[in-house]
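**Q** Mind looking over this structure? Questions follow.
The values are calculated or read from the model by the stated rules, or taken from the named source; none is laboratory data. No experiment lies behind these values; they were computed from the predicted model shown. All Cβ positions, glycine included, derive from the backbone under ideal geometry; neighbour counts span all protein chains shown. Quick note on the areas: whole protein, heavy atoms, side chains included, nothing else; ligands and nucleic acids left out. Shrake-Rupley method; radii C 1.70, N 1.55, O 1.52, S 1.80 Å.
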Amino acid sequence: MSAHDHGAVDREIARLLTRGVTSSSPEHRDLWDAFARAADGGKRFRPALLTATHGALGGGREVAAVQVAAALELLHTAFVVQDDVIDGDPTRRGVPSLPGSFAQDVQQRGASPAAAQRYGEAAGILAGDLGLLAAFRAIARCEAPAPVVDRLLDLVETTVHDSAVGELADVRLQLDLRSEPQPDRTEQSGQTAQSAALRDALAVAEFKTAVYSFQFPLHAGALLADAEDATLAALDEIGSLLGIGFQLFDDLLGLFGEERRTGKSALGDLREGKRTALIAHATTTAQWRQLQPLLGRPDLDAEDARRARTLLTDSGSRTWTEELARWHLTSAVSSAIRHRLPAALVHALSTATDEILRTADRLLPSQPPSAPDSGADPADSSPADRTAEDTPPHLTPAYRASTHEIPAHRSPATTGSSS
């Protein structure tokens, strides 16, 4: 995103946040002010992806693109705030999260820890609702023709629904960490279980992250540029690849990243026992019996967390996940080339991919020179040498379920209304 577009998006976000203060109630002002603080800062990469897509496809609705990009940032903030409630996360980026700050405030005024937590969670849910409403309203009133606005509203509605499904699935996966092989389990049934675990983890990555962080900005930018249905379908596929790769790296940072650099808790994901693709792979390794008791423990300390990271590295699960993440990201660019998207859009996607990879390389501590192979290899070739059609054999079920099969609400059959 150019400096001009970045400034325009920030100004539009500020306008939307100022407009949202319509009540004289102190409680409402406290909620909205806290939401505005949560929306402040950040790289704005989602708005950048939207405006870059619109421009690369020859779009001429710059004002509307900025308006929708700003609305997307409010949508993102709403999801983040409610995600902190769902994850029980009192901090974000090294400072109290919105739920954490409200809980902290009332506890300092005499509330019990349990009551303060409940109050903070209520504030997070309600502030997120206000942000979602503001995002919908901004898109509904953007300066685009009515048929385009209708399609944008359909897109944001299905995006919110899909993201809700992804959040709930993420929590549900944490409730079942069964991975001990049953005495009568055949090798084939074991492979089926492993494939299902991976499919579930990748589906969460797609619905929780890819749909709104990558598919939405690509699709919305293209809609504003009056792109053809084939282009929209290609961008949905690319968005899935980018989003899954991004989430896989985010999962790695949640376990291996340094908290002071990432702003993410170094213990949160382990204590929650999050069932990510990294953990799904670990269940297939010899280290799993030692690792399993360390996951999902609210009292996990720094030493046990260090042991868990060592086991995930020694098992090969960390290397496997890094390669899988890189495969998805490089496949997104390959897909753009294969679909013959405009050179400017391929360049924008390459830039986004390079930024994700640079961030991961900068924030992830280096590994030992080698790690034992655990038998569940992403593929035999280097990720950079693969295309989206060179799907690693053991990924085929999950990949087809989550990436190659475009959800019905985004298929050409339902996106072909007049624009």
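**Q** Taking amide H positions as placed in the peptide plane 1.01 Å from N, state which residues far from Thr91 in sequence (5 or more) or on other chains have amide H under 5 Å from it.
**A** Result for Thr91 returns Ser97.
**Q** Right, another one. DSSP loop (so not H, G, I, E, B), at most 16 other Cβ within 10 Å: list which trypsin sites (Lys or Arg not before Pro) in the range 284-340 pass both filters.
**A** Those that pass, being in a loop and sparsely packed, are Arg340.
**Q** Report, in whole Å, the centroid distance computed from the Cα atoms of the range 9-68 and the range 250-270.
**A** The range 9-68 and the range 250-270 have Cα centres separated by 27 Å.
**Q** I need the trypsin sites (Lys or Arg not before Pro) found in the range 1-56, filtered to DSSP loop residues with at most 11 other beta carbons within 10 Å of theirs.
**A** On the way: sites: Arg11, Arg15, Arg19, Arg29, Arg37, Lys43, Arg44; in loops: Lys43, Arg44.
Filter output for the range 1-56: Lys43.
**Q** Per residue, how much space in cubic angstrom lies within the convex hull of the C-alpha atoms of the range 1-156?
**A** It comes to 111 Å³ per residue, whole-number rounded.
**Q** Hey, can you rank 213-219, 98-104, 282-288 by average C-beta count inside 10 Å, highest first?
**A** Result, highest mean Cβ count within 10 Å first: 213-219, 98-104, 282-288.
**Q** Follow-up. Provide the per-residue ³J(HN,Hα) series for the range 29-37, in order, calculated from phi with Karplus coefficients 6.51, -1.76, 1.60 and θ = phi - 60°, each as a whole number of Hz, with x at glycine and proline positions.
**A** Going residue by residue, I get 5, 4, 4, 5, 4, 5, 5, 4, 5 Hz, with x marking Gly and Pro.
**Q** Starting from the range 52-135, pick out the trypsin sites (Lys or Arg not before Pro) whose DSSP state is loop and whose Cβ has at most 13 other Cβ atoms within 10 Å.
**A** Arg93, Arg109
**Q** Next up: Summarise the long-distance tail of P(r) for the range 283-346 by giving the % of C-alpha pairs beyond 18 Å.
**A** 55
**Q** While we're here: So with the 1.4 Å probe, I'd like the accessible area per residue for the range 213-332, rounded to whole Å².
**A** Heavy-atom accessible area per residue stands at 30 Å².
**Q** Another question, if that's okay. Would you kindly state how much longer the chain becomes between Ser24 and Gln174 on full extension, computed as 0.36 nm times their sequence separation minus their alpha carbon distance, in nm to one decimal?
**A** Full-extension gain reported as 49.8 nm.
**Q** Calculated FRET efficiency, Ala3 and Glu62, Cβ-Cβ r, R0 22 Å, to nearest 0.05?
**A** Plugging the Cβ-Cβ distance into 1/(1 + (r/R0)^6) gives 0.90.
**Q** Then there is this: Give the share of C-alpha pairs in each 10 angstrom bin for the range 1-91, from 0 to the last occupied bin, in whole percents, shortest bins first.
**A** In whole percents, the pair-distance histogram is 16, 43, 29, 11, 1.
**Q** Additional query: For the range 233-317, what does the equivalent ellipsoid look like in terms of its semi-axes, each the square root of 5 times an eigenvalue of the Cα gyration tensor, given largest first in whole Å?
**A** For the range 233-317, the ellipsoid semi-axes come out as 25, 16, 10 Å.
**Q** Further question on the same structure: Report, to two decimal places, the Cα Rg of the range 46-104 normalised by 2.2 N^0.38 Å (N = number of residues).
**A** 1.52
**Q** How high is the FRET efficiency from Asp154 to Asp40, r the C-beta distance, R0 35 Å, rounded to 0.05?
**A** 0.70
**Q** Given a Förster radius of 41 Å and the C-beta distance between Glu228 and Ile125 as r, what FRET efficiency does 1/(1 + (r/R0)^6) yield to the nearest 0.05?
**A** Here the calculated transfer efficiency is 0.55.
**Q** While we're here: In whole Hz, what ³J(HN,Hα) sequence does the range 44-60 give by Karplus (6.51, -1.76, 1.60; θ = phi - 60°), x for Gly and Pro?
**A** Rounded to whole hertz, the list is 6, 6, 5, x, 4, 5, 5, 5, 5, 5, 4, x, 5, 8, x, x, x.
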